[in-house]
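Student: Take a look at the following structure, please.
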Amino acid sequence: MSELKLETIVALAKRRGFIFPASEIYGGFANTYDYGHYGVLLKNNVKNEWWRAMIQERDDIVALDSAIIQNPRVWEASGHLAGFTDPLVQCLGECKKRWREDKVREEELGDEHAEGEIHCPECGGELSEPRQFNLMFETYVGPVHDEDNRAFLRPETAQGIFINFKNVLQFSRKKPPFGIAQIGKSFRNEITPGNFIFRTLEFEQMEMEFFVPPADAGEWHDRWMDERMRWYTELGIRPEQLRLRAHGEDELSHYSSATSDIEYLFPMGWSELEGIANRGDFDLSQHAKFSGEKLEYVDSGSGDRFVPHVIEPAAGVDRAMLSFMVDAYDEEEVEGRQRTVLRLHPKLAPIKVAVLPLVNKDGQPEKAREIYEELRELMTAEYDTGGSIGKRYRRQDEIGTPWGVTVDHQTMEDDTVTLRDRDSLEQSRIAIGELADELSRRLAEPWTSPKLGAAA
Ligand code: ATP
């Protein structure tokens, strides 16, 4: 397939009800999107797979769901109030638009730190001196809008984890190395116009803080980089579209001694999916200092105490979802007709199986409905009678449904159906009584993308 454009994915997402521009009937709202039916199902599957990898398949991580609006002191201690800023420049020419200075430098000079003159990307006008702009959304708690009542929408979920370190340590009976995982919404007043759901004002994060003895931090950082790369590839992302990139000294956040980003080759170029940072003891020490609480681990046997160091894999749900959609998108010609297909890992596919009567008579719809009602107990299924069989398959291909079951004339005679595979287009005849087991077996199998090795 030729070079994929982001607009192609945006159009498919809209056409098939995955993602809509938010507030659309009012002309939209910058960098904000709403998720429709299939979008919700796909997003839930991404999150479920993350929980599975973090919680279900290991016993050294526990779950947390902390508040979005916390005591504002949290953001003082974390450094976000003073340091969570982007450099903002404004066009002094015709369009007066605002831009992130680092992004303009990167685009115009090839590197976000490059020296030299830059211009407005829209109208070529002169740009103002940069001004630091805090990305946190502010709000007020209670009826009075003054400094004393000012609070913030969290710009990351991680701090909710650090401030619960003591609670979790007490109830979970875990000792380092152990982790706390959380999925939730975060909010950032991003200035740069985004690339679809890649950069939005509100987004979901999947963050896990892994607390380790200080001497083991380097080793755990390496292990988490491997683990996280594996998660994406096991869910079908082609390895050649993924890379790990270590941050240079000048790129590191205020809290980090080492960070590597997992990047995906999106249509707009290599871009961050997830950051894996060694945060040292920065956060626990800061919160201990600001709160007055001791945030450390004390070994009940030896009496040894230490402030654990933290390794953090921090991923974006929406970005992961976009990468899965981009990686899955395919077009091909089948018997002279163009077909668009989302080759999603079956575990991620919003609908696992579509049950379709070949014709809308002779008892076929009733039979298909019966099969559908049985299968939906096991997995997400759809029953569809609308339009020609070819049209119905094309619809399912576009939303990435891996299997289609067709009820036809023969079904009414011998209780067999055809089972169609989305990727190979293979059709096999199978007894209705064996369908549930066969589909469950296929769903549990390892899966690799048929696009592997083909051109992006
Ligand atoms: P970027 O450099 O792209 O702004 P970041 O390095 O600031 O991202 P982190 O603070 O490391 O991002 O957040 C962890 C993850 O959260 C990111 O890797 C990304 O997947 C996701 N994320 C961050 N900001 C946004 C956003 N505005 N929209 C969507 N996802 C985001």
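Student: For the stretch 318-452, give the share of DSSP beta bridges that are antiparallel, in percent and rounded to the nearest 5; count only bridges with both residues there.
Tutor: Working: 15 of 23 bridges.
Of all bridge pairs located within the stretch 318-452, approximately 65 percent are antiparallel.
Student: Would you mind giving the three semi-axes, in whole Å and largest first, of the ellipsoid equivalent to the chain according to its Cα gyration tensor? It would help to have the intermediate numbers written out before the result.
Tutor: On the way: eigenvalues 380, 171, 83 Å².
Over the Cα atoms of the chain, the semi-axes work out to 44, 29, 20 Å.
Student: Now a separate question. If the limit is 21 Å between Cα atoms, which of K14/K97; K347/K451; K47/K294 go over it? Don't skip to the end; give the middle numbers.
Tutor: Details: K14/K97 28 Å; K347/K451 17 Å; K47/K294 33 Å.
The pairs that break the limit, which is 21 Å between Cα atoms, are K14/K97; K47/K294.
Student: Another question, then. Could you give me the ³J(HN,Hα) list for the stretch 44-53, computed from phi with Karplus coefficients 6.51, -1.76, 1.60 and θ = phi - 60°, whole Hz, x at Gly and Pro?
Tutor: 4, 5, 4, 5, 4, 5, 5, 4, 4, 5
Student: Arrange the peptides 174-181, 247-254, 62-69 so that the one whose residues have, on average, the most other Cβ atoms within 10 Å appears first.
Tutor: 174-181, 62-69, 247-254
Student: How much accessible area does T85 have with a 1.4 Å probe, in Å² rounded to the nearest 10?
Tutor: 40
Student: With a point put 7 Å past each Cα toward its Cβ, work out how far E227 is from R150 in nm, to one decimal.
Tutor: 3.8
Student: Sorted by average packing, counted as other Cβ atoms within 10 angstrom per residue and highest first, what order do 32-39, 292-299 take? The partial results should precede the final answer.
Tutor: On the way: 32-39: 18.1, 292-299: 13.5.
Descending packing order for the listed peptides: 32-39, 292-299.
Student: Separate question: Step through the residues of the stretch 283-293 one at a time and calculate ³J(HN,Hα) from phi using the Karplus curve (6.51 cos²θ - 1.76 cosθ + 1.60, θ = phi - 60°), rounding each to whole Hz and writing x for Gly and Pro.
Tutor: 5, 5, 5, 4, 5, 5, 5, 6, 9, x, 8
Student: Check F133: other-chain or 5+ apart residues with amide H under 5 Å from its amide H, H built from backbone geometry?
Tutor: HN-HN under 5 Å from F133: D86, L88.
Student: Counting Lys and Arg as +1 and Asp and Glu as -1, what is the net charge of the other residues whose Cβ lies under 14 Å from the Cβ of C95? Mind showing how you got there, number by number?
Tutor: Numbers: positive: K96, K97, R98; negative: E94, E122, E126.
Computed value for this residue: 0.
Student: Whose amide H sits under 5 Å from the amide H of A151, counting only residues 5 or more places off or on another chain, with H placed in the peptide plane?
Tutor: T139, Y140, V141
Student: Give the dimensionless ratio obtained when the Cα radius of gyration of the stretch 341-447 is divided by 2.2 N^0.38 Å. Let's see the in-between values first.
Tutor: On the way: Rg = 12.6 Å, N = 107, 2.2 N^0.38 = 13.0 Å.
Scaled against compact globular proteins, the figure is 0.97.
Student: With no solvent and one equal point scatterer placed on each C-alpha of the stretch 257-328, evaluate the Debye formula and give log10 I(q)/I(0) for q = 0.14, 0.18, 0.21, 0.27 Å⁻¹, two decimals.
Tutor: -0.62, -0.77, -0.89, -1.13
Student: By the scheme Lys and Arg +1, Asp and Glu -1, what is the net charge of all other residues having a beta-carbon under 13 Å from that of F282?
Tutor: Details: positive: R279, K289; negative: E209, D281, D283, E312.
Combined, the nearby Lys, Arg, Asp and Glu give -2.
Student: Need the C-alpha centroid separation for the stretch 356-434 versus the stretch 129-156, integer Å.
Tutor: If we compute the Cα centre of each part, the gap is 53 Å.
Student: I'd like the Karplus ³J(HN,Hα) series for the stretch 196-211: coefficients 6.51, -1.76, 1.60, θ = phi - 60°, whole numbers in Hz, and an x wherever there's a Gly or Pro.
Tutor: Couplings: 6, 7, 5, 9, 10, 6, 10, 7, 9, 10, 10, 10, 9, 9, 10, 8 Hz.
Student: In addition: Please give, to one decimal in nm, the separation of the simple spin-label points placed at H113 and T385, each 7 Å out from Cα toward the Cβ.
Tutor: 6.5
Student: Just to confirm a number: summing +1 for Lys and Arg and -1 for Asp and Glu over residues other than T401 whose beta-carbon lies under 12 angstrom from that of T401, what do you get? Could you put the intermediate results ahead of the total?
Tutor: Working: positive: R16, R343, K352, R392, R394, R395, R420, R422; negative: E382, D384, D397, E398, D421, D423.
Combined, the nearby Lys, Arg, Asp and Glu give +2.
Student: Additional query: So what is the 222 nm mean residue ellipticity for the chain from helices alone, if each DSSP H run of at least 4 adds -39500 (n - 2.57) and you divide by all residues, rounding to the nearest 500 deg cm²/dmol? Write out the running numbers ahead of the final one.
Tutor: Numbers: 14 runs with 139 residues, N = 456.
Result for the chain: -9000 deg cm²/dmol, rounded to the nearest 500.
Student: Would you calculate the convex hull of the Cα atoms in the stretch 102-240 and tell me its volume per residue in Å³? Walk me through the numbers before you get to the answer.
Tutor: Details: hull volume 31.7 nm³, N = 139.
With only Cα atoms used, the stretch 102-240 gives 228 Å³ per residue.
Student: Can you give me the % of accessible surface on the chain that is carbon or sulfur? Probe 1.4 Å, all protein chains present, nothing else counted. Mind dumping the intermediate values first?
Tutor: Values: 10160 of 21530 Å².
Of all accessible area on the chain, carbon and sulfur atoms account for 47 percent.
Student: For D423, project a label point 7 Å along Cα to C-beta. Then give me every residue of the stretch 345-383 with its amide nitrogen under 11 Å of that point.
Tutor: Zone members listed by number: 345-347.
The values are calculated or read from the model by the stated rules, or taken from the named source; none is laboratory data. The model shown is predicted, which means the values in this text are computed figures rather than measured ones. Cβ: placed from backbone, ideal geometry, glycine included. Neighbour counts: every protein chain shown. Please note that ligands, DNA and RNA were not included when accessible areas were found on the heavy atoms of the full protein model with its side chains. Shrake-Rupley method; radii C 1.70, N 1.55, O 1.52, S 1.80 Å.
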